[in-house]
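Engineer: Have a look at this one.
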Amino acid sequence: GQSLEQPSEVTAVEGAIVQINCTYQTSGFYGLSWYQQHDGGAPTFLSYNALDGLEETGRFSSFLSRSDSYGYLLLQELQMKDSASYFCAVVISSGSARQLTFGSGTQLTVLP
Amino acid sequence: KAGVTQTPRYLIKTRGQQVTLSCSPISGHRSVSWYQQTPGQGLQFLFEYFSETQRNKGNFPGRFSGRQFSNSRSEMNVSTLELGDSALYLCASSLGGSPSTDTQYFGPGTRLTVL
């Protein structure tokens, strides 16, 4: 089977740095994606790591270690608007078929 | 470039009815995937279509079905609705190429309420 683990809640203050970890166990792994979802909204793509290492996009960075089945999302210079749920999702592929399997999400609360 | 669009945005049905949801992918995207999101089960994969063919299917009963048209637009159908089908149904599109580089982009979703 497949499983992903990420913390259910994280709280930080404006301007701080927060790291959301994700560990996974799966077969057919191709990469790790991160999505942000505000209440009532759709998941918004943040980043995708297919290779080991760090990917940086503005205030957000994402890291993957395939050997450790581990990744994280790093959010810097937190802003109030970053309060949302963050989902890690593994890209799984078998032959031509593929799907995203999501973690249960991390609710990030940014305090003033 | 326009994003993924889904219609309708909100829907209220009663048990036993059927429903059809529509998704228009980003222009040029040939893969469309459907997901169900509920507070209890989170985001769960329903199925994926590419070039009018179902490439992958999640663990949902046969009441859930879908199809894709030649213009890549997709529909999903749920028959004999149950209370537990109340959820946000999300459609995601991607180019459908190598999974090492393919990225899925989500539409706003259809909020289905079954009474």
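Each value in this text was obtained by applying a stated rule to the coordinates, not by laboratory testing. Since the structure is predicted, the reported quantities are computational estimates derived from the model, not experimental observations. Glycine also receives a Cβ, built like all others from the backbone with ideal geometry; neighbour counts cover every protein chain displayed.
Engineer: Which whole-number percentage describes the relative contact order of the range B:58-112, with Cα contacts under 8 Å and a sequence gap of 6 or more?
Structural biologist: For the range B:58-112, the relative contact order is 27 percent.
Engineer: Next question, about the same structure. Peptides A:26-36, B:16-26: what's the order by average Cβ count within 10 Å, highest mean first?
Structural biologist: A:26-36, B:16-26
Engineer: Now for a separate question. From other protein chains only, count the Cβ atoms within 10 Å of every residue's Cβ in B:43-53, then give the mean.
Structural biologist: 3
Engineer: In addition: Determine the gain in length on full extension of the stretch B:SER22-B:ALA2; use 0.36 nm per residue of separation and subtract their C-alpha separation, reporting nm with one decimal.
Structural biologist: 5.6 nm
Engineer: Moving to a separate point now. Within 10 Å of each Cβ in B:101-108, how many Cβ atoms from other chains are there, averaged over the peptide?
Structural biologist: Partner-chain Cβ atoms within 10 Å, mean over residues of B:101-108: 6.
Engineer: Something else: Working out 0.36 nm times the residue gap between A:THR26 and A:GLU56, then minus their Cα-Cα distance, what length gain in nm do you get to one decimal?
Structural biologist: Length gained, A:THR26 through A:GLU56: 8.3 nm.
Engineer: How charged is the neighbourhood of A:THR23? Take every other residue with its Cβ under 9 Å from the Cβ of A:THR23, and add Lys/Arg as +1 and Asp/Glu as -1.
Structural biologist: -2
Engineer: Would you mind checking which residues have amide H under 5 Å from A:SER104's amide H? H placed 1.01 Å from N; only 5 or more apart, or other chain.
Structural biologist: Distant-sequence amide H within range of A:SER104: A:GLN6.
Engineer: Explain nothing, just the number: relative contact order of chain B, from Cα pairs under 8 Å at least 6 residues apart, as a whole percent.
Structural biologist: Relative contact order for chain B comes out at 36 percent.
Engineer: Taking neighbour Cβ counts within 10 Å as the exposure measure, how do B:ARG55, A:ARG66, B:ARG9 sort from fewest upward?
Structural biologist: In order of increasing Cβ crowding within 10 Å: B:ARG9, A:ARG66, B:ARG55.
Engineer: Also, quick follow-up: How big is D for the range B:9-50, in µm² s⁻¹ as a whole number, if Stokes-Einstein is applied with the Kirkwood radius of its Cα pairs at 4 °C and 1.567 mPa s?
Structural biologist: D, rounded to a whole number, is 102 µm²/s.
Engineer: Using a 10 Å cut-off around each Cβ of peptide A:38-44, what is the average number of partner chain Cβ atoms that fall inside?
Structural biologist: Shielding by partners across A:38-44 averages 5.
Engineer: Convert each backbone phi in the range A:102-108 into a coupling constant with the Karplus relation 6.51 cos²θ - 1.76 cosθ + 1.60 (shift: θ = phi - 60°), then list the ³J(HN,Hα) values in order as whole Hz, x for Gly and Pro.
Structural biologist: 9, x, 7, x, 10, 7, 9
Engineer: Using a 10 Å cut-off around each Cβ, can you sort A:ILE92, B:ILE12 from fewest to most neighbouring Cβ atoms?
Structural biologist: B:ILE12, A:ILE92
Engineer: Each residue of the range A:69-76 in order: what ³J(HN,Hα) in whole Hz does its phi give by Karplus 6.51 cos²θ - 1.76 cosθ + 1.60, θ = phi - 60°, with x for Gly and Pro?
Structural biologist: 6, 8, x, 8, 10, 10, 10, 10
Engineer: Let me check against my output: what whole-number percent is the relative contact order of chain A, with C-alpha pairs under 8 Å and at least 6 apart?
Structural biologist: Normalised by residue count, the contact order of chain A is 36 percent.
Engineer: Using the Karplus equation 6.51 cos²θ - 1.76 cosθ + 1.60 (θ = phi - 60°), what ³J(HN,Hα) coupling, rounded to whole Hz, does each residue of the range B:78-95 give in order, writing x for Gly and Pro?
Structural biologist: Computed from phi, the couplings for the range B:78-95 are 10, 9, 6, 4, 10, 4, x, 7, 4, 5, 9, 9, 10, 10, 10, 10, 8, 5 Hz.
Engineer: Once R0 is set to 30 Å, what does the formula 1/(1 + (r/R0)^6) return for the Cβ-Cβ distance between A:SER8 and B:LEU11, expressed as a FRET efficiency to the nearest 0.05?
Structural biologist: 0.50
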